[in-house]
Amino acid sequence: MTTKPARSRRRYDNTLRRAGAAQTRTRIVAAGAELLQGSSIRDWDALTIRAVAERADVNERTVYRHFANERTLRNAVMQHLEAAAGVDLSQICLADVADVAARVLRFVSAYPIESPPVLDPTLAATSQRQHDALLGAVGDEAPSWSASDRLLAAAMLDALWKVQTYERLVGEWALDSERAIDGVTWVIGLVEDAIREGRRPTPFPTSSS
């Protein structure tokens with residue numbers, strides 16, 4: 001009696017399945033990014049599992065197959081947005097900071113800007129007086145600059161001493177009050193020196209230029 005040789009079990013090729021799963025994941029992440037396009041870049045209320053599933057034309061179970069929860073989905077969308085902006089924060093060095101900032105802000109500029117809160121009339125009037133005072137101070141020091149350059153310089157000084165800047169330094173960076181104030185006045189001093197020395201706020205050269 002002859003024994004037939006055992007058939008070798010054919011290994012199942014998962015290549016096509018893996019490729020299909022990768023394409024589905026990419027479509028889900030892209031759908032999440034698309035949901036953010038009609039609102040401020042900081043407004044992620046629209047990015048839910050259900051909404052992403054509908055936009056990607058898959059069921060919610062499929063989304064959960066790739067992402068354990070809404071947080072992991074949002075993390076993947078953020079990584080997608082960073083890549084779209086050409087930003088890799090893991091590789092940044094000091095010489096890159098200005099270029100990276102320009103890339104991020106140019107990317108953000110494609111999104112709607114949140115409407116500023118309506119200020120109390122007293123606060124609004126104070127803000128306007130602050131703008132006027134800064135424009136006057138810059139104009140006195142750099143009368144030969146264009147109106148556009150003077151406006152930008154004054155606006156940067158205004159942005160630096162905003163209460164929101166101080167609150168971010170204390171809240172997000174855990175600086176104590178005095179160190180936060182030191183940081184703000186340090187950078188204001190750099191801008192003041194640039195104005196006195198006639199160094200206009202010229203466009204920063206980017207890698208694409």
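With axes computed from alpha carbons, what is the tilt in degrees of helix 177-196 against the longest principal axis of the chain, rounded to the nearest 10 within 0 to 90?
Taking the Cα atoms of the chain, the angle to 177-196 is about 70 degrees.
With all protein chains present and a 1.4 Å probe, how do Val63, Val104 order by accessible area, largest first? Present the calculation step by step, with values, prior to reporting the outcome.
Values: Val63 0, Val104 55 Å².
Result, largest first: Val104, Val63.
For a quick check of understanding: with a 1.4 angstrom probe and all protein chains in place, what accessible area in square angstrom does Asp88 have, to the nearest ten?
Rounded to the nearest 10, that gives 80 Å².
I'd like the orientation of helix 121-141 relative to the chain: the angle between its Cα long axis and the longest Cα principal axis, in ° from 0 to 90, rounded to 10.
Long axis of 121-141 versus the principal axis of the chain: about 70 degrees.
Would you tell me the accessible area of Leu89, worked out with a 1.4 angstrom probe on the heavy atoms of the protein chains, in Å² to the nearest 10?
100
Rounded, prolate or oblate: which fits the chain, taking a ≥ b ≥ c as square roots of the Cα gyration tensor eigenvalues, rounded meaning a/c under 1.5, else prolate when a/b beats b/c? Write out the running numbers ahead of the final one.
On the way: a/c = 3.19, a/b = 2.47, b/c = 1.29.
Taking the square roots of the gyration eigenvalues as a ≥ b ≥ c, the chain is prolate.
Ignoring ligands, DNA and RNA, what percent of the accessible area of region 41-101 is carbon or sulfur (1.4 Å)? Mind dumping the intermediate values first?
Working: 1930 of 4010 Å².
The C+S portion of the solvent-accessible surface of region 41-101 is 48 percent.
With all protein chains present, calculate the accessible area of Glu172 using a 1.4 Å probe and round the result to the nearest 10 Å².
130
Quick one: helix 97-108 against the long Cα principal axis of the chain, what's the angle to the nearest 10°, folded into 0 to 90?
70
The values are calculated or read from the model by the stated rules, or taken from the named source; none is laboratory data. What you see is a predicted model, and the numbers here were worked out from it, not measured in a lab. All accessible areas refer to the heavy atoms of the entire protein, side chains included, with ligands and DNA or RNA removed. Shrake-Rupley method; radii C 1.70, N 1.55, O 1.52, S 1.80 Å.
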